[in-house]
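Nothing in this text is a laboratory measurement; each read-out follows from the coordinates by a stated rule. Just so it is clear, the structure is predicted and the values come from calculations on it, not from any experiment. No Cβ is skipped: glycine too gets one built from the backbone with ideal geometry, and neighbour counts run over all protein chains shown.
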Amino acid sequence: MNYPVLIEKALEARRRSYCPYSGFAVGAALETADGRIFLGCNIENAAFTPTNCAERTAFFNAVSRGASGFKAIAVVGGPKDAAELDFCAPCGVCRQVMEEFCVPDDFQVILAKSPSVYKVLTLAKLLPMGFGPAALG
Ligand code: THU
């Protein structure tokens, strides 16, 4: 996996963010073990609660196309006209969606300010003792 390339893809996705209410634009790029990359941006709604985060958009995009075996996701976010980005951590709902489709100790979450400034965490670190499919037997 090439972190800078995945981050570039997340930045590309971020340009498609629909965020007229918060003005906070987020992009995500999700990579599978066989090297496919699926993009997502946050998509807001006038009724607010239907809003979908970039990470979930990427997962739903990938799963709806038949993808599985997820290896890593790069996330970039911040005010849409910001000159520089800060790290943008996934919300709890998105962490739970990752838990559904990923191996927590292996799945890498790359939080990036730019293609050269980033940190890598596992899902297990971001969501300790997560409730996943195995819990239901
Ligand atoms: N958002 C994401 O897309 N991902 C995150 O990791 C944090 C928050 C979106 C949701 C909403 O459209 C906006 O950012 C402000 O919360």
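Would you work out the charge dipole size for the chain about its Cα centre, treating the Cβ of every Lys and Arg as +1 and the Cβ of every Asp and Glu as -1, and quote it to the nearest 20 debye?
160
Listed highest first by mean packing, meaning other Cβ atoms within 10 Å per residue, what order do 74-81, 123-130 come in?
74-81, 123-130
For the stretch 24-117, what is the largest minus smallest coordinate of the Cα atoms on each principal axis, given in angstrom and ordered from greatest to least?
That gives 35, 34, 21 Å along the principal axes, largest extent first.
Got a sec? Which residues in the stretch 1-34 would a label at T122 touch, if it sits 7 Å along Cα→Cβ and we count backbone N under 18 Å?
Of the residues in the stretch 1-34, 1, 33 have backbone N under 18 Å from the label point off T122.
With angles folded into 0 to 90 degrees, how steeply does helix 3-14 sit against the dominant principal axis of the chain? Use alpha carbons for both and round to 10.
Helix 3-14 sits roughly 60 degrees off the main axis of the chain.
In nm, what is the difference between 0.36 nm times the number of residues separating D81 and V103 and their Cα-Cα distance?
Answer, rounded to one decimal: 4.4 nm.
Need the C-alpha centroid separation for the stretch 105-133 versus the stretch 18-73, integer Å.
Cα centroid to Cα centroid, the span is 15 Å.
Hey, what angle do you get for helix 92-101 against the long axis of the chain, alpha-carbon based, 0 to 90 degrees rounded to 10?
40
Calculate, in whole percent, how much of the Cα-Cα pair population of the stretch 1-63 lies beyond 17 Å.
Of all Cα-Cα distances in the stretch 1-63, 37 percent exceed 17 Å.
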